[in-house]
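Have a look at the structure below before the remarks.
Derivation of every value follows stated rules applied to the coordinates shown; laboratory data play no part. Predicted model, so just to flag it, every value in this text is computed and none were measured. Note that we place each Cβ from the backbone using ideal geometry, even for glycine, and neighbour counts take in every protein chain shown.
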Amino acid sequence: MFGDNPNDETLKASWENFCDQLKSAGDLVFRDSTPVQDIDRAKGLRMLARNVSLALQFHVENRNPDFPELLHYFDPVRKQGGDNTDALYVGAPINGEHTYRISGTRGNARYFAVTVVEDGNTPWGGAVVGNLIDSAIDVNPDGHFEIVLSPQEHPGNWIETTPGSWRVTVRQFFADWENEAPMVARIDRIGELEHDPVLTVAQITHGLRESAAWVRDSTFYWADMLSKWKAQSNQFMAYRELDDNAIDATPGGEPLICYWQVPVDEVLIVRVTPPAADYWAVEFGNCWWETMDYRYRLCSTNCHHAVLENNGELLLVVAHDDPGLPNWLDPSGHVEGYITVRWIGATNFPAPQCIQMKREGLTSYLPTTVRTINSTQRRMQLAARRRGIIKRFGY
């Protein structure tokens with residue numbers, strides 16, 4: 001019973017504080033700047049609940065840099081901060097004064113990057129210490145690779161760490177969802193270590209406190225950031241144009257982001273000619289900076305899936321009903337959210353142009369040569385997305 005253990009009072013207070021902090025995080029959903037629609041309020045609460053598991057992963061389950069694991073960040077049911085629809089993100093805690101080896105099979109994702117970051121002023125850390133991208137990583141003919149993270153130089157694939165190095169993240173971006181396979185790899189700290197299975201009172205109280213704080217800090221951080229784009233709707237701008245915090249941005253080309261607000265009787269046309277690039281993508285999400293449910297909804301495209309016009313232009317349409325165009329961005333019940341474009345490995349980074357109009361004006365606006373898609377082709381397009389997600393995530 002309570003009091004039988006001398007630490008019961010501390011443990012109970014820790015749990016109550018954890019619950020109270022999570023309770024206060026709900027204030028985010030009811031701020032003056034939050035959309036009032038049922039779907040946005042409901043998804044705001046779901047977003048908070050989803051990210052409790054990620055917070056516990058970071059601060060309770062996978063927080064020991066002596067025994068790190070490469071665990072998933074985001075997937076179709078856990079999202080935050082403008083997750084890439086094409087991506088598989090994994091990462092682990094590290095101590096920059098120690099040596100680590102990441103080893104396994106690379107897979108064949110179109111874009112592959114390993115990044116080390118220091119602790120910093122954002123919930124996801126601070127400045128990038130170093131990274132290896134795609135062809136800079138030596139991979140054996142059989143697909144095996146090894147990368148060393150350490151303060152001392154190593155032959156082969158190596159990222160130099162600093163004393164403040166805090167986390168390593170592996171990004172895999174898939175263009176051809178059905179035919180690109182994910183990495184299978186592990187991370188190990190090098191040296192003779194003995195795993196301690198004991199979870200102490202101090203560790204769990206600290207972990208619960210940090211977890212609850214992370215849920216609040218991270219969700220408020222991204223909501224505040226997206227509000228900066230909302231103040232300039234229908235304009236594509238990079239993160240660095242609105243905020244000078246050092247952050248773990250995707251190496252090789254930062255995303256351009258635009259906030260959209262489209263009533264049910266209107267459409268938004270987005271036009272751009274994609275540059276030559278190693279990889280490019282368009283992502284589409286809600287006001288919480290979560291992608292739409294890309295398993296079942298048409299809410300993204302990329303350098304493999306997009307259908308370009310005869311002149312090489314990418315024509316995207318945000319419409320609440322299917323416009324019969326191949327690059328439809330389905331709002332999925334929302335009337336506002338964000339669009340992101342990523343040009344990675346490109347020589348130039350064009351900002352798309354936005355044109356908003358009433359729904360009935362769309363047909364007359366579009367060129368007579370515009371590419372179209374019929375209902376059978378749409379069903380095939382959506383079925384292929386589901387198969388691709390199963391290939392990437394295993395479900």
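Below is a table of values for the structure above.
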{"read-out": "Amide H within-cut-off set for TYR111, under 5 Å, with H built and near neighbours excluded", "value": "PHE173, ALA175"}
{"read-out": "Ranking of ARG171, ARG240 by count of other Cβ atoms within 10 Å, fewest first", "value": "ARG240, ARG171"}
{"read-out": "Per-residue HN-Hα couplings for the range 318-325 [Karplus 6.51, -1.76, 1.60; θ = phi - 60°; Hz; x = Gly/Pro]", "value": "8, 8, 7, 10, 5, x, x, 10"}
{"read-out": "Per-pair calculated FRET efficiency, R0 = 35 Å: ASP321 and ASP217 via Cβ, rounded to 0.05", "value": "0.35"}
{"read-out": "Whichever lysines have a C-alpha closer than 18 Å to that of LYS23, once near sequence neighbours (fewer than 8 apart) are set aside", "value": "LYS12, LYS43"}
{"read-out": "Neighbour-count ranking [beta-carbon atoms within 10 angstrom, fewest first] of HIS195, HIS320", "value": "HIS195, HIS320"}
{"read-out": "Residues in the range 220-234 reached by a label modelled at GLN356 [backbone nitrogen below 16 Å; 7 Å Cα→Cβ]", "value": "227-234"}
{"read-out": "Highest to lowest packing among 332-340, 6-14, scored as the average C-beta count within 10 Å", "value": "332-340, 6-14"}
{"read-out": "Relative contact order (%) - the chain, alpha-carbon pairs under 8 angstrom, separation at least six", "value": "18 percent"}
{"read-out": "The range 333-379 and the range 80-122: distance between their alpha carbon centers, rounded to Å", "value": "31 Å"}
{"read-out": "Mean residue ellipticity (222 nm) of the chain, computed from DSSP H runs ≥ 4 via -39,500 (n - 2.57), nearest 500", "value": "-7500 deg cm²/dmol"}
{"read-out": "Global geometry of the range 224-393, whether rounded, prolate or oblate, following the gyration tensor of its Cα atoms and the 1.5 cut on a/c", "value": "rounded"}
{"read-out": "Long-range tail of P(r) for the range 5-122 (Cα pairs > 19 Å, %)", "value": "64 percent"}
{"read-out": "Cut-off under 5 Å, modelled amide H: who pairs with ALA346 long-range", "value": "ASP278"}
{"read-out": "For peptides 34-41, 295-302, sequence by mean Cβ density within 10 Å, most packed first", "value": "295-302, 34-41"}
{"read-out": "For a label point 7 Å along the Cα-to-beta-carbon line of ASN311, residues of the range 351-367 with backbone N under 18 Å", "value": "351-356, 363-367"}
{"read-out": "The range 1-110: chymotrypsin sites (Phe, Trp or Tyr not before Pro) falling in loop per DSSP and having at most 14 other Cβ within 10 Å", "value": "PHE2"}
{"read-out": "25 Å Cα-Cα reach of LYS358 towards lysines, excluding residues that sit fewer than 8 places from it in its own chain", "value": "LYS230"}
{"read-out": "Distant-in-sequence amide H partners of GLU254 (H built 1.01 Å from N, under 5 Å)", "value": "none"}
{"read-out": "Counting DSSP beta bridges with both ends in the chain, the antiparallel % (nearest 5)", "value": "95 percent"}
{"read-out": "Selected from GLN235, GLN203, GLN172 as most flexible by GNM, with the chain as the system and alpha-carbon contacts under 10 Å", "value": "GLN203"}
{"read-out": "Charge tally in the Cβ shell below 12 Å around ARG297, where Lys, Arg are +1 and Asp, Glu are -1, ARG297 excluded", "value": "+1"}
{"read-out": "Choice from ASN140, ASN51, ASN179 showing the highest fluctuation, given a GNM over the chain with Cα pairs closer than 10 Å", "value": "ASN140"}
